[in-house]
Amino acid sequence: MPELPEVETVRRRLEPALTGRRIVALTVADATVSAQTGAELRHLALGRDVARLRRRGKYLIVDLEEGILVVHLRMTGQLLFERPPTPRRPRFTIEFDDGSFLHFCDVRRFGRLWALRDEAELEHFFAELGVEPLSPGFSTARLRALLDGRRAPLKAFLLDQRRIAGVGNIYADEALFRAGLHPLRPAGSVGPRGAGRLREALVETLELGIAQAGTSVDSFVDPEGASGSFQEILNVYQRTGEPCRRCGTPIQRVVVGGRGTHFCPRCQPKRRMGRHAAGAKARGTT
DNA sequence: AGTGGCTCCTGGCGGC
DNA sequence: TGCCGCCAGGAGCCAC
């Protein structure tokens, strides 16, 4: 499922291919892909050059010289560039002036496309979206403020795009493992040190995901059809019953907010113990 | 207000 | 061997 690292991978692959190219056709084969009609989308996009590609959370932003296209891949969305023949019937296709194509394929049909007029509309579009975790604004102080008072489990907190933008099920589980925090722990119970560890874990996990070109456990491929490799180094996600890579304890699975959640019960204790208490317990002296 | 639960959608897989 | 039913999950919506 495309999360921040997968969308960033798509952005990086697509940017050099699309920048400077003019949109000469836009075909919508599945009307449910957008609240706007094909005619409305074409009115905004046709004849416009691609200026640059940006990302915000899990959204891909295609800036035209005038107007903005926004794409969300949701569960199974794939943006495929110049891959004839098209593997599956695309939900929409954009043709460029040099004869190249960008196809949006999406088996589960959750993905969405929006056409916006300008930056002001984009700002409004993202009004409810939380902090960008790989931006300088994502400080420990900021995270602490977001965690403060929340009774929701950490896992649910991380999946809430209004707090932090771009974290999905895979990277939430992996970041919590890296931070040594239990997914069911109330978000507001995490202290300053825990918040520091969580911030660092989130940044490291997401950056590692980008370095590995994403996770291909489901259907994720980049615009050239290539898989990512983060799935090869997952610590907990979809490793239920397998030994923890750090301590050997079998990975457990629970459901939090309807989402499969994977963790190591030993590396991610429900209550964080102090160094002294942890040492005493390990020696059997408590 | 904040939080949890339901819904969409379809390929894949478990079970009989 | 074949088929049926259930599951996964991002985010919007609704209810408490």
Mind telling me which of the residues A:V217, A:V190 ends up being of a type in the set (V, I, T) and more than 15 Å from DNA strand C (Cβ to nearest atom)? A:V190
Checked against (1) under 27 Å from the mean Cα position of the chain (by Cα); (2) assigned to a loop (DSSP other than H, G, I, E, B); (3) modelled with pLDDT under 95; (4) surrounded by fewer than 21 Cβ atoms within 10 Å (Cβ to Cβ), A:G20 satisfies every condition except (3)
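Of all residues in the range A:172-193 being among the charged types (D, E, K, R) and closer than 17 Å to A:D148 by Cα, which is nearest to the chain's Cα centre (by Cα)?
To start, the set of residues in the range A:172-193 that are among the charged types (D, E, K, R) comprises A:173-174, A:178, A:185, A:193.
Those still in the list that are closer than 17 Å to A:D148 by Cα too: A:185, A:193.
Details: A:R185: 22, A:R193: 25 Å.
Going through the qualifying residues, I end up with A:R185.
Quick grid of which residues meet (1) closer than 20 Å to A:R142 by Cα; (2) outside any helix (DSSP H, G or I); (3) of a type outside the set (S, T, N, Q):
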{"position": "A:L184", "(1), (2), (3)": "no, yes, yes"}
{"position": "A:T205", "(1), (2), (3)": "yes, no, no"}
{"position": "A:L208", "(1), (2), (3)": "no, no, yes"}
{"position": "A:A213", "(1), (2), (3)": "no, yes, yes"}
{"position": "A:S227", "(1), (2), (3)": "no, yes, no"}
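For every residue, the table says whether it meets (1) within 11 Å of DNA strand C (Cβ to nearest atom); (2) among the hydrophobic types (A, V, I, L, M, F, W, C); (3) touching a Gly at 6+ places or on another chain (Cβ under 7 Å); (4) not in a loop (DSSP other than H, G, I, E, B).
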| site | (1), (2), (3), (4) |
| --- | --- |
| A:I61 | no, yes, no, yes |
| A:L79 | no, yes, no, yes |
| A:R109 | yes, no, no, no |
| A:P133 | no, no, yes, no |
Considering only helices (runs of 4 or more DSSP H) wholly within the range A:138-181, the ones with at least 2 residues that are of a type in the set (K, R) are A:140-147
Selection from the range A:151-171 of residues that are out of contact with any strand residue (DSSP E or B) (no Cβ under 7 Å at 6 or more places or on another chain) and among the polar types (S, T, N, Q): A:Q161
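Quick grid of which residues meet (1) in contact (Cβ under 8 Å) with a residue 24 or more places away in the chain; (2) closer than 27 Å to A:A25 by Cβ; (3) of a type in the set (D, E):
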site: A:Y59; (1), (2), (3): yes, yes, no
site: A:L64; (1), (2), (3): yes, yes, no
site: A:Q78; (1), (2), (3): yes, yes, no
site: A:R89; (1), (2), (3): yes, yes, no
site: A:G99; (1), (2), (3): no, yes, no
site: A:V107; (1), (2), (3): yes, yes, no
site: A:R117; (1), (2), (3): yes, yes, no
site: A:T140; (1), (2), (3): yes, no, no
site: A:L147; (1), (2), (3): yes, no, no
Looking at the range A:85-97, can you tell me whether even one residue there is closer than 19 Å to A:R12 by Cα and away from DNA strand C (no atom under 16 Å from the Cβ)? yes
Applying the selection to the range A:61-115, what residues are among the polar types (S, T, N, Q), closer than 17 Å to A:D222 by Cβ and buried (at least 18 other Cβ atoms within 10 Å of the Cβ)? A:Q78
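The values are calculated or read from the model by the stated rules, or taken from the named source; none is laboratory data. Everything numeric in this text was worked out from a predicted model, so none of it was measured. Ideal geometry is used to build each Cβ from the backbone, glycine not excepted, and the neighbour counts take in all protein chains shown.
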